[in-house]
Amino acid sequence: MCGINGFNFNNKELVKSMNKVIYHRGPDQGGYYIDNLVSLGMRRLKIIDLSEKAKQPMSNPDKNIWIIFNGEIYNFKELRKELENKGHTFNSNSDTEVLINSYKEWGYDCVKKFNGMWAFCIYDKSKDLLFISRDRFGKKPLYYYNKNNHKDNNKKFIFSSEIKSILKHNIKKELNKKAVSSFLSYRYVLGEETFFKNIFKLLPAHNLIYNLKEKKIEKIWEYWDLTISKKNLNEEEAKINLDKLLNNSITFRKISDVPLGVILSGGLDSSLITAILAKQENKPINTFTVKFKEKGFDETKYAKIIADIYKTNHFEVTVDTGNFIDLMKEYTKFKDEPIGVPNEIALFLLSKKIKEKVTVVLSGEGADEIFEGYGRKF
């Protein structure tokens, strides 16, 4: 993952301070761009194009469009060819530069062309605006602070991948009681609210335009919504179609210039991903599993079955509940808000192990719901 920061005034030390807070998101490279209207910061984890040409913030040759970008555009190679045919030129092999030229070619509608996950900010100097976007399902986080202080005409707009970075500014930290109620009811905070007053989430599949001259949010809109289409397929046709979709999806998501692996629980979703990726690759893939000492929670035997079948390089991480409190304290430093999932410490430990071996992992988040893998249905 990477991290992005920005605000609507000039302060080099403050944007550097924000970058420092999210260093853990992008230890490979950092940078910032500042002028009279904006300060933009970036911490990068290198995945595609590891060269200096792909560093951020990135601009077009004319220096009138700048971008900071967290995520990955899976179809960037296809889009690059399309853009080259339209006369656009490229200086790097990165998907970041594809975003810049896509914006130049299609404007705000460029997001409709992207297959991927993203949170980005494009600074268009010719129009004095910030164009901020978040991917369709909100895989990449984006928070913003927006409060007008009419007494001193100090209208601050601040955004970041993490709330703790926004809190480096001199803003009042106020508990949002509506968010507390929502969290206790649903285990997550509904809508654009967060636990902090005046700090909001940019919702999934939404764009935001901030007018730097007038110092106001000009527009927020939803650019995509899920539609259910009915197709008259028999069972065999449906299986062929599903197999094609899964293979294409994994082929896109394994695009990387760094080592990758799979989080393997032994369940339906991660086992499918492991099987398909193992068949696509010509060398053993890396798989990672959490092991619990308590037999009622441990599923490593199922993961081991899959790992043996597909001859993966398999790694297990044992969760020791004896130091659970210490782990919780360590993990809490990285959280902006409570997370209502019971396996967060296990995933935290697993992520540490994964980072020793690979930089990118595939996982089956959300697939249980699609394939009805739970015993309880809501």
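The values are calculated or read from the model by the stated rules, or taken from the named source; none is laboratory data. Since the structure is predicted, the reported quantities are computational estimates derived from the model, not experimental observations. Positions of Cβ are generated from backbone atoms using ideal geometry, with glycine treated the same way; all protein chains shown enter the neighbour counts. In case anyone asks, the SASA skips ligands and DNA or RNA and just uses the protein heavy atoms, side chains included. Shrake-Rupley method; radii C 1.70, N 1.55, O 1.52, S 1.80 Å.
Charge tally for PHE200 (other residues, Cβ to Cβ under 11 Å; Lys, Arg +1; Asp, Glu -1): +1.
Relative to the longest principal axis of the Cα atoms of the chain, helix 12-21 runs at roughly 10 degrees.
The spread of Cα positions in the chain, taken along each principal axis and listed from longest to shortest, comes to 63, 53, 43 Å. With a ≥ b ≥ c the root eigenvalues of the C-alpha gyration tensor of segment 99-139, is it rounded (a/c under 1.5), prolate (a/b larger than b/c) or oblate? Oblate shape, in that a/c is at least 1.5 and b/c is the bigger or equal ratio.
Judged by the mean number of other Cβ atoms found within 10 Å, the most tightly packed of the peptides 254-262, 96-104 leads the ranking 96-104, 254-262. For the cross-link pairs LYS178/LYS216; LYS164/LYS353; LYS55/LYS77; LYS112/LYS177; LYS201/LYS353; LYS172/LYS219, the ones whose C-alpha atoms lie over 28 Å apart are LYS112/LYS177; LYS201/LYS353.
When the pairs LYS168/LYS335; LYS254/LYS355; LYS20/LYS46; LYS139/LYS291; LYS254/LYS357 are compared against a 20 Å limit on Cα-Cα distance, LYS139/LYS291 fall above it.
A cut-off under 12 angstrom between Cβ atoms defines the neighbours of GLU13, and their net charge, with Lys, Arg +1 and Asp, Glu -1, is +4. Counting only Cα atoms, the size of segment 143-237 along its three principal axes is 66, 37, 20 Å, in decreasing order.
The angle between the Cα long axis of helix 76-85 and the longest principal axis of the Cα atoms of the chain comes to about 50 degrees, rounded to the nearest 10. Across every pair of non-identical alpha carbons in segment 65-173, the mean reciprocal distance, once inverted, gives a Kirkwood radius of 15.4 Å.
Would you mind classifying segment 259-378 by shape? Square roots of the alpha carbon gyration tensor eigenvalues, ordered a ≥ b ≥ c; an a/c under 1.5 is rounded, otherwise it is prolate if a/b is larger than b/c and oblate if not. Taking the square roots of the gyration eigenvalues as a ≥ b ≥ c, segment 259-378 is prolate. What the Cβ-Cβ distance of SER92 and ILE171 gives, at R0 = 45 Å and to the nearest 0.05, is a FRET efficiency of 0.80. Peptides 115-123, 15-23 ranked from most to least packed give 115-123, 15-23, packing being the mean of other C-beta atoms within 10 angstrom over each peptide's residues. Segment LYS295..LEU184, full-extension length gain: 37.0 nm, with 0.36 nm per residue of separation and the alpha-carbon distance subtracted.
One decimal place: the segment LEU272-ILE325 gains 15.7 nm when fully extended, by the rule 0.36 nm per residue minus the C-alpha distance. Helix 235-253 and the longest principal axis of the Cα set of the chain meet at an angle near 50°.
A 1.4 Å probe run over the chain, with the rest of the protein chains in place, finds 55 Å² accessible per residue. Would you look at the GNM of the chain, springs on alpha carbons closer than 10 Å, and say which of ASN247, ASN234, ASN343 moves the most? The residue with the greatest mean-square fluctuation here is ASN234. Each peptide in 59-67, 161-169 was scored by the mean count of other Cβ atoms within 10 Å over its residues; highest first, the order is 161-169, 59-67.
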